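Single-structure report; data block below.
The values are calculated or read from the model by the stated rules, or taken from the named source; none is laboratory data. In this text, all values refer to a predicted model and were calculated from it rather than measured experimentally. So basically every Cβ, Gly included, is an ideal-geometry build from the backbone, and we count neighbours across all protein chains shown. For accessibility, only protein heavy atoms count, side chains too; no ligands or nucleic acids. Shrake-Rupley method; radii C 1.70, N 1.55, O 1.52, S 1.80 Å.
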Amino acid sequence: MYQPTIWSHDFIQVLAENSPINSKEKVKELVKKVKVLNVNLENGRFSALKLLEHIDHIERLGLGYRFQNDIRRLLDVVALTYGSSVGLDKGEDSLHEASLKFRILRQYGYNVSQDFLRRFKDNNGSFIECLQTDVKGLISLYEAAHLAFMEESDLHEAKLLGMEHLLKLKSQENQAPEHINHTLEIPLYQRMLRLQARGYIDACHKRQDVNPLLLELATLDFNMIQAALKVELKEVSNWWKDIGLAQNLGFARDRLMECFFWTVGMVFEPEYHPCRVGLTKVGTLITVIDDIYDIYGSLDELEIFTDVVKRWDINATDHMPKYLQISFGALFNTITEMGSHALGEDITPILVKWGELLETFLVEAKWTHSKYMPTLKDYLDNAWQSVSGVVILTHGYFLINQDIKKDVSKPLEKYHDLMKWSSMVFRLYNDLATSTDEIETGNSLNAISCYMNDSGVCEAVARAYIRTLIDEAWRKLIKVHLACSQELANPFVDMAINLARISHCTYQHGDGHGAPDARAKDRVVSVIIDPITIGENGYKV
């Protein structure tokens with residue numbers, strides 16, 4: 001039996017959502033001032049390092065979405081002036097500057113090469129010794145190396161080198177271990193954006209070297225977004241109560257808040273309110289149906305349910321048990337309503353990927369009931385789809401692109417690999433969070449148990465191998481992501497990366513979805529519940 005939710009409907013409904021009356025006007029005023037600053041940086045005689053650190057600061061504060069055009073123009077200046085070789089032509093570049101330049105340019109889709117690393121190697125191809133104590137440079141190198149492609153072995157070597165020397169340096173008295181620990185815990189590129197912004201804003205309020213204009217804007221912006229999120233949360237909580245799944249299906253997980261937090265991790269920008277509301281509904285439905293297949297339904301019932309969902313026929317439920325009738329009714333009504341309101345036309349037939357998802361659920365249910373252990377390859381061929389990333393992203397595509405007027409019959413085929421590798425990261429993090437007890441009892445198939453069976457290794461070795469697969473999946477995802485980034489700005493492409501990020505966040509310390517602990521609660525509180533409170537002196541209190 002799963003633990004009950006700690007986030008009741010009544011608690012959600014009384015959340016305070018008001019922000020200061022003049023916040024919107026103040027934010028507009030500060031945005032104008034930052035834009036003037038950006039123009040001055042673009043037109044002035046400033047070093048590449050100053051431009052890059054300014055962009056990095058904006059991104060870390062969670063303000064990047066407000067200044068995308070400004071950032072592109074600044075990066076065009078950097079790329080044009082300093083070339084795509086990223087540091088090879090500027091002998092005075094430090095390891096920090098060269099690494100930062102590579103990371104930010106690659107993140108924004110510029111054609112940059114790992115060749116910048118050559119300048120930091122000796123004639124034997126080894127990294128020069130003086131780098132071993134350059135904390136700032138090593139941190140930037142380690143962060144940059146997490147944007148490597150599969151074939152970029154030099155960057156992979158650099159990541160291992162960065163980790164090795166940062167681990168040594170963090171124990172030294174004259175270093176700041178919190179910065180090193182923060183980097184080694186989760187690299188910046190893989191962090192859930194809102195959680196990263198909250199942590200960075202809080203840290204900046206304790207520093208004296210931060211641009212007060214940017215910090216004030218970031219604080220107000222964070223609190224305004226949070227207030228809007230509370231309004232959305234109340235809306236979906238009313239829906240969740242009305243459909244009654246939590247009350248009628250006592251065996252299933254009640255995870256409305258966790259699903260809402262997940263969607264905030266995927267897309268937080270204020271203009272995408274319909275997307276967050278819709279994806280929260282999708283997430284709760286997936287969670288309940290997953291529990292039907294994993295822990296409750298008989299194989300006969302699951303086969304009937306799968307068939308009815310594939311047919312998408314609300315009139316074909318009479319012969320199903322009551323709990324399945326309730327479940328299909330909630331699914332049918334929710335997705336039909338969502339599909340009929342998107343893009344001004346009924347796209348329900350495109351949204352109905354649920355039958356394909358439930359077929360993968362059914363495959364796993366049959367394996368479990370027959371105690372069959374597939375090979376890791378066979379398992380992953382099914383499991384990257386059963387993790388539900390494709391269904392989530394398919395709905396997200398239409399919910400985030402509501403003004404599309406062109407033919408929508410085959411819009412997602414070109415994003416197959418993007419969705420596959422994002423889903424693979426999701427799946428492997430999910431499996432890595434599986435408890436040892438579940439592996440020992442064999443109650444749930446996962447990549448770890450499959451690899452243990454394939455190779456005859458212990459659980460610790462299997463977990464280490466799955467971590468290498470996660471690293472490979474990230475590198476494949478990054479390459480596909482950057483290929484897609486060559487298009488005009490497309491929020492769906494970022495959504496796919498954010499799906500991988502929120503899966504890392506959710507499963508880093510255990511199953512933060514199925515069995516949320518104090519850490520999971522703290523994440524929700526910091527992003528959705530508690531605003532950043534600032535005292536009269538301008539510092540966080």
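Couple of notes before you dig in:
- Accessible carbon and sulfur surface of the chain relative to its total accessible area, %, 1.4 Å: 51 percent
- Nearest-0.05 FRET efficiency for Asn333 and Lys366, computed from C-beta distance (R0 41 Å): 0.90
- Applying the Karplus relation 6.51 cos²θ - 1.76 cosθ + 1.60 with θ = phi - 60° to the range 351-365 yields 3J(HN,Hα) values of 5, 6, 8, 5, x, 5, 4, 5, 4, 5, 4, 5, 4, 5, 4 Hz, where x marks Gly and Pro.
- Per residue accessible area of the chain, 1.4 Å probe, in Å²: 44 Å²
- Length available on full extension from Cys130 to His319: 0.36 nm per residue minus the Cα-Cα distance, which gives 60.7 nm.
- Within the range 288-329, backbone nitrogen closer than 18 Å to the virtual label 7 Å beyond the Cα of Ser340 toward Cβ: 312-316, 328-329
- Loop trypsin sites (Lys or Arg not before Pro), the range 334-402 (other Cβ atoms within 10 Å of the site Cβ: 10 or fewer; DSSP): Lys371
- Label-point separation in nm, Arg72 to Leu160, each point 7 Å along Cα→Cβ: 3.9 nm
- Positive-end residue of Val525, Ser455, Ser140, charge dipole of the chain with Cβ unit charges: Ser140
- Net charge dipole, the range 274-364: roughly 380 debye, given to the nearest 20, about the Cα centre with Cβ charges of +1 for Lys and Arg and -1 for Asp and Glu.
- In Hz, Karplus ³J(HN,Hα) per residue of the range 200-207 (6.51, -1.76, 1.60; θ = phi - 60°; x = Gly, Pro): 6, 4, 4, 5, 5, 5, 9, 9
- Highest average packing first - 101-110, 37-46, Cβ atoms within 10 Å: 101-110, 37-46
- Taking amide H atoms as placed 1.01 Å from N in the peptide plane, the amide H of Lys121 lies under 5 Å from those of Ile128, each 5 or more residues away in sequence or on another chain.
- What you get for the chain, charging only the Cβ of Lys and Arg (+1) and of Asp and Glu (-1), is a dipole of about 1360 debye around the Cα centre.
- The charge dipole of the range 158-299, taken about its Cα centre with unit charges on the Cβ of Lys, Arg, Asp and Glu (plus for the first two, minus for the last two), comes to roughly 100 debye.
- Residue list for the range 362-382, given a label point 7 angstrom along the Cα-to-Cβ vector of Asn453 and an amide N cut-off under 11 Å: 367-379
- Between the helical axis of 322-341 and the longest alpha-carbon principal axis of the chain there is an angle of about 50 degrees.
- The phi-based Karplus calculation (6.51 cos²θ - 1.76 cosθ + 1.60; θ = phi - 60°) puts the 3J(HN,Hα) values of the range 278-283 at x, 5, 5, 4, 4, x Hz, whole numbers, x for Gly and Pro.
- Inter-label distance for Gln13 and Val39, nm, one decimal - labels placed 7 Å from Cα along Cα-to-Cβ: 5.0 nm
- Filtered GluC sites (Glu not before Pro), the range 284-389: DSSP coil and at most 12 other beta carbons within 10 Å: Glu345
- Think of the chain as having a plus end and a minus end, set by charges on the Cβ of Lys, Arg, Asp and Glu; of Leu188, Leu358, Ile470, Leu188 sits farthest toward the positive end of this dipole.
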